[in-house]
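What follows is one structure encoded as structure tokens, with my remarks underneath.
The values are calculated or read from the model by the stated rules, or taken from the named source; none is laboratory data. The model shown is predicted, which means the values in this text are computed figures rather than measured ones. Counting neighbours? That spans all protein chains shown, and the Cβs are built from the backbone with ideal geometry, glycine included.
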Amino acid sequence: MSPAADPNRQPRRGSTTRRESGYKRPVDIQQLDTETAEGVDTSAPATAERPPATSSVSNGRRSHLLSITDSALGYMSLEDMLSELLERIRSALEVDTAAVLLLDEDRGVLVARAARGLEEEVRQGVQIPLARGFAGRVAAQGRPIIIEDLDHADVVNPILRQRGIRSMLGVPIHVEGHVIGVMHIGTLVKRAFDEDDVTLLQLAADRAALAIDNARLSEQRSVTAMMQRSLLPDALPQIPGMRFSAKYLPAGSGIKIGGDWYDVFRLHNGRLAFVIGDVVGRGVLAASVMAEIRASLRAYMMQGHRLTEVVTMLNELLVSVGSNRGATLCILELDPEAEELEAVIAGHLPPLLIEPHGYARLLEQKHGLPVGVRIGHTYEAFCYPFPTGSRLLLYTDGLIERRDESIDEGFGRLLAAAETAATRSDSSLADRVYRTLLDETLLEDDVALLAIETMPLGDTLEMTLPARPNVLGALRDTLGRWLRAFDASEDELFDITLSASEAATNAIEHAYGAREATFTVRCEHDGRQATITVRDVGRWRTTRPQSGGRGLEIMRSLVDDVKIDSDQHGTVVTITKRLSHQA
């Protein structure tokens with residue numbers, strides 16, 4: 001903290017000092033009523049911005065200042081503290097309005113955070129660019145500014161004139177030599193603010209600066225941490241034949257949290273999407289850009305757009321909104337039935353593929369630019385085989401990059417760690433790779449790591465699914481993969497998956513209605529026939545409502561046997577069909 005920002009600092013009696021704000025004033029408040037300030041330039045016309053005139057401070061106003069800030073303010077929230085502080089300033093300086101605007105350094109604007117007598121500034125979310133308007137010039141120049149007549153001044157905030165403000169005084173809020181905001185006051189009648197007023201307001205800003213900064217940082221830490229938690233998946237999906245694991249560790253904490261993120265989700269066509277990205281910067285802005293990317297990307301993919309279209313639209317969105325934040329991105333789509341992986345890379349590090357026999361290689365391809373950098377850029381997609389037993393690693397640069405080392409050395413360490421991890425099973429794949437490469441005590445950058453593994457489906461398969469219609473496509477896809485492993489014909493596959501889908505639909509529509517619930521599907525193969533059991537805790541109906549079909553009749557026409565056991569505890573539907581290729 002700079003000496004000027006320290007409320008406990010006591011300079012020599014009678015001394016004066018020139019602050020960074022650019023004007024001269026007495027610093028020792030105890031002497032303000034008996035000593036005269038150094039001379040200042042008062043030649044500016046009354047209708048223009050001018051430096052303050054000299055004056056002295058009365059004992060009464062000095063006592064008002066001492067009450068403006070006290071230790072109790074430090075225990076309030078930022079909003080409550082600012083509101084109370086401004087009310088005290090209005091009373092002490094006998095003005096009609098008082099406001100605080102805090103600097104958003106990422107966007108280069110002052111944001112109205114609290115006001116008394118001019119509450120519209122906060123309600124309407126007033127934002128003032130640096131070096132523009134009254135408050136913008138106070139912040140950019142780092143010195144007090146007085147406007148004696150608003151009608152003849154350059155003011156960009158229309159609310160000031162709408163409310164009839166005539167005269168204004170603004171001072172910068174400093175912390176450790178840096179401007180973090182502006183505090184300004186105003187009157188409804190013309191007033192010639194003098195050195196006395198400037199001194200009182202600047203000292204009030206100085207005494208409150210550290211409390212404001214601490215409250216602001218605490219708020220930003222809370223918001224950033226909350227956003228970070230909300231943007232990473234609560235839990236990775238449970239998908240038969242797939243195994244997911246992930247690691248995430250920020251190099252900093254609070255507002256230093258970065259923009260690394262990952263995501264896994266199932267698409268309506270039964271395919272799976274894997275994403276990893278890294279937003280430039282840290283803190284609330286990086287987290288907000290990350291949120292925008294994640295939500296938009298999911299929406300575009302759920303609408304069925306191709307990967308190249310998704311990344312192109314995302315790039316154009318970020319450029320158009322002017323977020324001033326680029327992001328690297330790697331997005332992949334897996335077709336489990338075709339065992340094929342499609343990938344688009346936008347400036348991100350290449351995925352790492354571990355083949356079924358354990359050989360690791362980077363999926364290097366032509367990289368597009370990071371999203372949010374330049375509109376009109378073209379992205380390309382590449383396809384790779386991804387047979388059962390394959391494993392995939394997606395990661396951010398903090399996993400492999402080190403100071404004073406080439407990126408190729410980092411890639412070499414990653415490939416060796418992946419091949420070693422593929423031979424072990426003592427923990428998750430992501431954990432094994434992560435611990436081989438990193439010492440958390442020496443972490444230099446945020447790290448995100450997502451591991452995807454495919455595994456063969458066994459003779460027995462069991463799934464617990466939410467009782468919602470959107471799970472039916474995934475159920476049919478999984479049953480199809482399971483049946484193909486036993487050489488089921490296309491007709492047999494159709495009959496069994498449709499029958500199981502009908503049983504699941506009955507459980508969803510009839511057993512539960514609008515309630516949140518789950519049902520289970522168990523698949524068994526004994527060498528001759530396939531048995532599918534759908535179990536719920538609702539009450540079975542042999543016919544659907546008038547808008548529905550004849551599910552039970554359809555099922556019995558497609559498979560060898562359908563059994564229904566239903567009581568007050570729930571319903572079990574068992575479907576059996578012999579497979580022609582079995583012994």
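Would you mind stating whether L552 is modelled with pLDDT under 90, assigned by TED's automatic domain parsing to the domain that holds A488, within 19 Å of L472 (Cβ to Cβ) and touching a Ser or Thr at 6+ places or on another chain (Cβ under 9 Å)?
On the way: modelled with pLDDT under 90: yes; assigned by TED's automatic domain parsing to the domain that holds A488: yes; within 19 Å of L472 (Cβ to Cβ): yes; touching a Ser or Thr at 6+ places or on another chain (Cβ under 9 Å): yes.
Judged against the criteria, L552 is a match.
Kindly establish whether I532 is at pLDDT below 90 and either part of a strand (DSSP E or B) or aliphatic (A, V, I, L, M) (or both).
Details: at pLDDT below 90: no; either part of a strand (DSSP E or B) or aliphatic (A, V, I, L, M) (or both): yes.
In short, no.
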Selection count where residues are part of a helix (DSSP H, G or I) and surrounded by 14 or more Cβ atoms within 10 Å (Cβ to Cβ), scope the stretch 383-418: 10
Wholly within the stretch 291-367, strands (runs of 3 or more DSSP E) carrying at least 3 residues that are modelled with pLDDT of 95 or more and not charged (D, E, K, R): 327-335, 340-346, 352-354
Filter result (free of Cβ contacts under 8 Å to residues at least 24 places away in the same chain and assigned to a loop (DSSP other than H, G, I, E, B)) within the stretch 141-168: D154, V155
Residue tally, condition in a helix (DSSP H, G or I) and charged (D, E, K, R), over the stretch 459-485: 4
E333 in the same structural domain as G412 (by TED's automatic domain parsing), closer than 30 Å to E419 by Cα and surrounded by fewer than 16 Cβ atoms within 10 Å (Cβ to Cβ): no
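Please find, within the stretch 95-123, the residue that is surrounded by the fewest Cβ atoms within 10 Å (Cβ to Cβ) out of those that are part of a strand (DSSP E or B) and either at pLDDT below 75 or among the small types (G, A, S) (or both).
Initial filter on the stretch 95-123 (part of a strand (DSSP E or B)): 97-104, 109-116.
Checking the rest, the ones that are also either at pLDDT below 75 or among the small types (G, A, S) (or both) come to 98-99, 112, 114-115.
Values: A98: 27, A99: 29, A112: 24, A114: 24, A115: 22.
Ranking the qualifying residues of the stretch 95-123, first place goes to A115.
Name the one entry in A467, A417 that is closer than 17 Å to R266 by Cβ and hydrophobic (A, V, I, L, M, F, W, C).
Values: A417 fails: closer than 17 Å to R266 by Cβ.
After ruling out the rest, the residue left standing is A467.
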Residue count, the stretch 179-201 (criterion: surrounded by fewer than 16 Cβ atoms within 10 Å (Cβ to Cβ) and of a type outside the set (A, V, I, L, M, F, W, C)): 1
Test: residue in the stretch 362-381 that is buried (at least 20 other Cβ atoms within 10 Å of the Cβ), outside the structural domain of E490 (by TED's automatic domain parsing) and on the phi > 0 side of the Ramachandran plot: yes
Cross-chain or 6+ apart pairs with Cβ under 6 Å, the stretch 198-218 first and over 21 Å from R90 (Cα atoms), then among the β-branched types (V, I, T): D213/V175; D213/I180
Single residue of the stretch 421-464 satisfying the filter (modelled with pLDDT under 85, among the aliphatic types (A, V, I, L, M) and in contact with a strand residue (DSSP E or B) (Cβ under 9 Å, 6 or more places away or on another chain)) that is nearest to D495 (Cα to Cα): L438
Residues of the stretch 260-280 satisfying the condition of being over 20 Å from P237 (Cα atoms) and surrounded by fewer than 19 Cβ atoms within 10 Å (Cβ to Cβ): V280
